[in-house]
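The values are calculated or read from the model by the stated rules, or taken from the named source; none is laboratory data. Every value quoted in this text rests on a predicted model; they were computed, and no experiment measured them. Cβ placement follows ideal geometry from the backbone for every residue including glycine, while neighbour counts extend to all protein chains displayed.
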Amino acid sequence: MSLIKFLTSKVFVKQLVLALLAVIVLVFILLKWLNVKTNHGEFETVPDLRGKSVAVAKMELKDNSLEMVIQDSSNYNPDYPPYSVIEQDPIPGAKVKENRKIYISLNPSNFRKIEVPDLIEETYRQAKPTLEALGFKVGEITYEDNIGKDRVLQMKHKGSILHSGTMLPKTSTIDL
């Protein structure tokens, strides 16, 4: 009986109303602070940085109150100048908050170098897909009289004889 009497007393009801008002005021203040702190409703448009140099991209992002983060360079793309932006995240035209980090990937200066495998005495049928899988192009095929039919006797690049382990840029043409 005393619990019901306490819950209906003026002191308890007064304390409960004050506590609810304090919670409502604190939530209201917190929501207003979040709107100001997060720049609610304010956006920057991400510019298209593809094909631009790092310096130009940095200036454009600075003008738009955005930050640049360079990620590891991507595979070489001959359609873009060396050390230019070839990918970015978020994509151009996206709406982002001020001071957002824009992640970019740069075009290396050339194709990466790959080790030439040992294909001497392998058949042409085995050598061609092996070279193509590594990113090389098979160039001129020269046939020489030998005991083994369609066997690779020698590999050349631009007229120079290649040995296994030689490093060549990807997409190099290898003559067999």
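Would you be able to tell me the number of residues in the stretch 47-64 that are under 15 Å from ALA94 (Cβ atoms) and either touching a residue at least 60 places away in the same chain (Cβ under 8 Å) or touching a strand residue (DSSP E or B) at 6+ places or on another chain (Cβ under 6 Å) (or both)?
Of the residues in the stretch 47-64, 4 are under 15 Å from ALA94 (Cβ atoms) and either touching a residue at least 60 places away in the same chain (Cβ under 8 Å) or touching a strand residue (DSSP E or B) at 6+ places or on another chain (Cβ under 6 Å) (or both).
Reported count of residues in the stretch 19-49, each being at pLDDT 90 or above and in contact with a helix residue (DSSP H, G or I) (Cβ under 8 Å, 6 or more places away or on another chain), is 1. For the stretch 36-45, a residue qualifies if it is farther than 12 Å from ASN99 by Cα and outside any loop (DSSP other than H, G, I, E, B), and the qualifying residues are VAL36, LYS37. Restricting the search to the stretch 1-23, which residues are surrounded by fewer than 10 Cβ atoms within 10 Å (Cβ to Cβ) and among the basic types (Lys, Arg)? Matches in the stretch 1-23: LYS5, LYS10.
Among the residues of the stretch 24-35, are any surrounded by 13 or more Cβ atoms within 10 Å (Cβ to Cβ) and not in a loop (DSSP other than H, G, I, E, B)? Within the stretch 24-35, none of the residues are surrounded by 13 or more Cβ atoms within 10 Å (Cβ to Cβ) and not in a loop (DSSP other than H, G, I, E, B). Residues in the stretch 83-100 that are surrounded by 13 or more Cβ atoms within 10 Å (Cβ to Cβ) and not in a loop (DSSP other than H, G, I, E, B): SER84, VAL85, ILE86, GLU87, GLN88, ASP89, VAL96. With respect to the conditions (1) of a type outside the set (Gly, Ala, Ser); (2) in contact with a Pro (Cβ under 7 Å, 6 or more places away or on another chain); (3) farther than 13 Å from LEU49 by Cα; (4) outside any loop (DSSP other than H, G, I, E, B), LYS156 lacks only one, and its number is (2).
For every residue, the table says whether it meets (1) within 30 Å of LEU34 (Cα to Cα); (2) more than 16 Å from the chain's Cα centre (by Cα); (3) not assigned by TED's automatic domain parsing to the domain that holds GLY51.
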position	(1), (2), (3)
LEU61	yes, yes, no
ASN64	yes, yes, no
ILE102	yes, no, no
PRO117	no, yes, yes
ARG151	no, yes, yes
PRO169	no, yes, yes
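Just so you know, in the stretch 46-82 the residues that are touching a Lys or Arg at 6+ places or on another chain (Cβ under 6 Å) and assigned to a strand (DSSP E or B) include one that is surrounded by the most Cβ atoms within 10 Å (Cβ to Cβ), and it is MET68. Residues considered: PRO108, PRO92. Of these, the only one that is at pLDDT 85 or above and under 17 Å from the mean Cα position of the chain (by Cα) is PRO92.
For the stretch 122-149, filtered to residues that are within 41 Å of the chain's Cα centre (by Cα) and among the charged types (D, E, K, R), the residue that is farthest from THR171 (Cα to Cα) is GLU122. If only residues of the stretch 85-130 that are in contact with a Ser or Thr (Cβ under 8 Å, 6 or more places away or on another chain) and of a type in the set (D, E, K, R) are counted, the one that is nearest to SER74 (Cα to Cα) is GLU87.
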